[in-house]
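These notes concern the structure reproduced below.
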Amino acid sequence: MTMGKVMSKSILIADPTVVKLEPEPISRDWVLSGAPEGSSKVLARSSDWLLTLVVWECTPGRFEWHYKKDEIVFVLSGAVTITTDRGEQRSFGAGDVVFFPAGSMCTWEVTERIRKVAVLRDTLWTPVGMCIAVCSRVMRMIGWRVVRLRRALR
């Protein structure tokens, strides 16, 4: 019996506080005041390219941000106040975790240079996502039955 070659996946370990970033300008159409300078570094992508891990930093300024993907943010340093499209204001800083759903928009007012780790996830059309969830659950159930059967046959 021939065994297929097992590919080893690389595991990422990084200190996001010292990762060297590259310029990522904020769209000038989005800047409302000041001269915010953005920079970032993509650390990793999932094999299906639906998930991206990024370190991002920005200098003080005020700008709009439009979320095309779901984004989970962990703030490493700095401070910001956001205003949602409904006029709600929230401030957050180092140690805070924030979720921005795809399709949302808010105004960022960076008061102190901010550095964050962001997990970006492309959204799937709801029926496709539901099919994947059901298939995954069925596969887990089948997998557990196979494991139990193998143990019983020993």
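Listed values, structure above:
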item: Entries of K9/K68; K69/K116; K20/K68; K9/K69; K20/K69 with Cα pairs more than 19 Å apart; result: K9/K68; K20/K68; K9/K69; K20/K69
item: Options (1) 182; (2) 104; (3) 147 - which one matches volume of the Cα convex hull per residue in Å³ as calculated here; result: (1)
item: Label-to-label distance, nm, for residues given as L32 and I132 (7 Å Cα→Cβ offset); result: 3.3 nm
item: Fully extended contour minus Cα-Cα distance, from E88 to L21, at 0.36 nm per residue; result: 21.0 nm
item: In degrees, nearest ten, helix 126-153 long axis to first principal axis of the chain (Cα); result: 40 degrees
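Bear in mind these aren't lab numbers, they're just calculated from the coordinates by the rules spelled out. As the structure is a computational prediction, the values presented were derived from the model and not from experiment. A quick note on method: Cβ atoms are made from the backbone with ideal geometry, for glycine too, and the neighbour counts reach across all protein chains shown.
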